[in-house]
Amino acid sequence: MLTMLRILLVPLFVALFVHDGGQDTRWRLAAAAVFFLASATDRLDGELARRRHLITDFGKIADPIADKALIGAALICLSLQHELWWWVTVVILVREIGITLMRFWVIRYGVIAASPGGKLKTVLQSLAIFLYVLPLQSVAWLEWTATVVMAAALVLTVATGADYIVRAVRLRAGR
Ligand SMILES: O=P(O)(O)OC[C@H](O)CO
């Protein structure tokens, strides 16, 4: 349920962010608020599922997809506005889409759930994007913080992606 809500918040975020070319402070603040809400419901969603013992195979697959839709849309918006290098967006998108496809490729053998590193990666990606979306580009330390957090997210994105590939190969090989 919350996963579906997060997916529905993606077009709302995009509409608010691209309004007025991302230049209007109020629309940008609204976009940042929607992004924060969608990211926060992700944490709540996971916590509720754990507490109520409602962790399903559907949730294990749908939950990362909802994260990736939101994060992917936000990264593309930022790169389109020339606020984030395209190569960063491309590396993250290739990893996220590739890992999602790989999860389906091995689904007959088992579900590769999100790892702790993968969850931390999503938190760092979300924090970095939130800082980029906030209309505070003139605040130098904030810009630096956003860049450093995005760099850390990028490293974890690639490292956890490699870890999932190893897991998938082992799963298929029955090891
Ligand atoms: O590393 P992934 O692809 O499993 O993604 C982690 C999820 O976003 C955590 O909810």
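The values are calculated or read from the model by the stated rules, or taken from the named source; none is laboratory data. Because the structure is predicted, anything quoted here is derived from the model rather than measured. Heads up, the Cβs are rebuilt from the backbone with ideal geometry, glycines too, and the neighbour counts pull from every protein chain shown. Heads up: the accessible areas ignore ligands, DNA and RNA and are worked out on the full protein's heavy atoms, side chains in. Shrake-Rupley method; radii C 1.70, N 1.55, O 1.52, S 1.80 Å.
Pick from segment 13-39 the residues that are open to solvent by 80 Å² or more (accessible area, probe 1.4 Å) and in contact (Cβ under 8 Å) with a residue 12 or more places away in the chain: which of them is farthest from the chain's Cα centre (by Cα)?
The extreme case among them is Leu29.
Rundown of residues vs (1) within 23 Å of Leu5 (Cβ to Cβ); (2) outside any helix (DSSP H, G or I), yes/no style:
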site: Asp63; (1), (2): yes, no
site: Asp67; (1), (2): yes, no
site: Glu83; (1), (2): no, yes
site: Val94; (1), (2): no, no
site: Gly118; (1), (2): yes, no
site: Ile129; (1), (2): yes, no
site: Tyr164; (1), (2): no, no
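Sort through Thr89, Thr100 and tell me the only one that's closer than 22 Å to Ala38 by Cβ, modelled with pLDDT under 95, part of a helix (DSSP H, G or I) and hydroxyl-bearing (Ser, Thr, Tyr).
Thr100
Answer yes if at least one residue in segment 109-128 is over 14 Å from the mean Cα position of the chain (by Cα), over 20 Å from Val34 (Cβ atoms) and away from the ligand (no atom under 12 Å from the Cβ), and no otherwise.
Within segment 109-128, one or more residues are over 14 Å from the mean Cα position of the chain (by Cα), over 20 Å from Val34 (Cβ atoms) and away from the ligand (no atom under 12 Å from the Cβ).
Is there any pair with a first residue in segment 80-105 that is open to solvent by 20 Å² or more (accessible area, probe 1.4 Å) and a second that is among the hydrophobic types (A, V, I, L, M, F, W, C) and outside any helix (DSSP H, G or I) whose Cβ atoms are under 8 Å apart and which are 6 or more apart or on different chains, and what are they?
Met102/Ile112
State whether the residues of segment 28-44 include one that is over 15 Å from Leu134 (Cα atoms) and of a type in the set (D, E, K, R).
Yes, segment 28-44 has at least one match.
Looking at segment 17-54, which of its residues are under 19 Å from Val123 (Cβ atoms), at pLDDT below 70 and of a type outside the set (Asp, Glu)?
Arg43, Leu44, Gly46, Leu48, Ala49, Arg50
Limited to segment 136-155, what total is found for residues that are out of contact with any Leu (no Cβ under 6 Å at 6 or more places or on another chain) and open to solvent by less than 40 Å² (accessible area, probe 1.4 Å)?
Residues that pass the stated criteria total 2.
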